[in-house]
Amino acid sequence: MPRPGSCGHDVRMELGFTGGVALIVLLGVGGQVLGRVTRVPSIIVLLLLGLLVGPVLGWLHPEAIFGDILFPLVTMAVSLLLFEESLKLDLGRLGGGARRPVIGLVTLGAVLTGVGASVAAWAILDLTPARAAVIGAIVIVSGPTVVGPLLAIIRPKQPLESVLAFEGIFIDPIGATVALGAVHVALHGDPPRLGLTSLAGIVSGLLGAALYVVVVRSGWVPAPVQVALAVAVALAAFAGAEAVRDEAGLFATTAMGVALANQRFVPVGALHEFGSHVGLLIVGSLFIVLAALVDLDALLHYLPVTLVVVALLALVVRPVAAWLSTARSVLTGRERAMVAWMAPRGVVAASTASVFTIRFDQAGTPFPQLVPVVFGIVLTTAVLYGLTGPLVARALGVRGSDAVALDEEGAPLVAG
């Protein structure tokens, strides 16, 4: 049966597997190029393109193209995305006056955001506390893929720019890990099981990191091959963790990335090219697929309540979390107010929501609100802060005279 909003075409008959994959990759890379050219966060472009060719026009049906391997492919792609994000979680990169407010935002701020978002989801969406906590945990994340382009437009002063950029980098793996735990509790209601699952994933990830370090330190692997080796070992850690405990794979790649980011035995600078090359293909293709899977009717059905949730997040939850988290820091009152008005959601939020929805479906307990609500939050917060961010920064007087150079991850090259 054609999906709601589709024109009834069967992409499997029109394009076949090869044509379908080519279209996904072309749109995935092209969407990111278009985003960079127009300075629009690429996640907005990708989601709109995926919605257009999927539920709107009905040209792309990932279920028909990939069949039974769709879920394993999506899960593995998300695991590599979390590996890439976790490679950025190096506290050694954070210096100067930015350190204290960033640590506050990714600890106390993350807790306050998760609790506030969970309460909002529970009250507005009429969910059980466990399911509301899943949404609350997912929207903890922000991400450099959406924060970076906004900072390039807003051009805030230092150390404000460093605070916003590094919060986006560090909060993704932290929020994703919390969300993994929330999903496990919602599905199984068994904290000891969660402990065993996370332990299996962490051990597998640490073993993967140790293997990579030993092999690279031996001198057997030339620099151009190190990225490919890291991807291969990350996938092996994912598979090993899944073989021991279901749902442990995402813990494994996250743990491996964090371990590699904070060890000092071998340099990992080359691994950051992963996000610029392999990651470009994975993120783009993943989001075209995920957006094409969205039920447009459900997205529109939940849009009114999603907007209420976004209003609470933007006007209540984020300001309270930001103000308390940056207390007694080097930031001025105006800079703290700007931090309170910058909390877009991005790649990790949308991708983890899609994977978790499939896990709920497989467990026989569907969670129909999860994807449309989270995708709605991602789109509306990106548009909200994209449109108002420069105006608020100008009104507060926190814009710099010149843009600060950002690295490939959207972080300042020199943290203030």
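Each reported figure results from applying straightforward, stated rules to the coordinates on display, with no laboratory input. Note that the structure is predicted; figures quoted are calculated from it, not measured. Cβ sites come from the backbone with ideal geometry, for glycine too, and all protein chains shown count toward neighbours.
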Match the structure shown to one of the listed values (i) 29, 27, 22; (ii) 42, 24, 19; (iii) 39, 24, 20 of semi-axes √(5λ) of the Cα gyration tensor in Å, computed from it, and give that label. (i)
As an exercise, identify the trypsin sites (Lys or Arg not before Pro) in segment 205-297 lying in DSSP coil whose Cβ has no more than 16 other Cβ atoms within 10 Å. 264
If packing is taken as the mean number of other Cβ atoms within 10 Å per residue, what is the order of 287-297, 97-107, highest first? 287-297, 97-107
Could you check the spin-label model distance between residue 26 and residue 153? Points 7 Å from the Cα along Cα→Cβ, value in nm. 2.8
Collect residues whose amide H, placed 1.01 Å from N in the peptide plane, falls under 5 Å from the amide H of residue 342; neighbours closer than 5 in sequence don't count. none
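Please sort through the DSSP H helices of the chain and keep those with an alpha-carbon extent of at least 30 Å along the long axis and a Kyte-Doolittle average not below 0.5.
On the way: long enough: 16-38 (32 Å, 1.44); 160-188 (41 Å, 1.34); 191-217 (38 Å, 1.34); 223-244 (32 Å, 1.84); 370-396 (36 Å, 1.79).
The answer, listed by residue number, is 16-38, 160-188, 191-217, 223-244, 370-396.
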Taking 8 Å as the Cα distance limit and 6 or more residues as the minimum spacing, I'd like the relative contact order of the chain as a percentage. 28
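So for 341, 323, fewest C-beta neighbours within 10 Å to most, what's the order? Walk me through the numbers before you get to the answer.
Values: 341 20, 323 16.
Lowest to highest Cβ neighbour count: 323, 341.
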Could you tell me which residue out of 288, 362, 115 lies farthest along the dipole of the chain toward its positive end? Charges go on the beta carbon: Lys and Arg +1, Asp and Glu -1, centred on the Cα centre. 115
Given a Förster distance of 22 Å, the FRET efficiency implied by the Cβ-Cβ spacing of residue 196 and residue 119, rounded to the nearest 0.05, works out to 0.15
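Rounded to the nearest 20 Debye, what is the dipole magnitude of segment 11-396 about its Cα centre when Lys and Arg each give +1 and Asp and Glu each give -1 at the C-beta?
Values: 21 positive and 19 negative charges, 291 e Å.
Computed about the Cα centre, the dipole is about 1400 debye.
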Applying 1/(1 + (r/R0)^6) with R0 = 41 Å to the Cβ-Cβ distance of residue 211 and residue 38, what FRET efficiency is obtained, to the nearest 0.05? 0.50
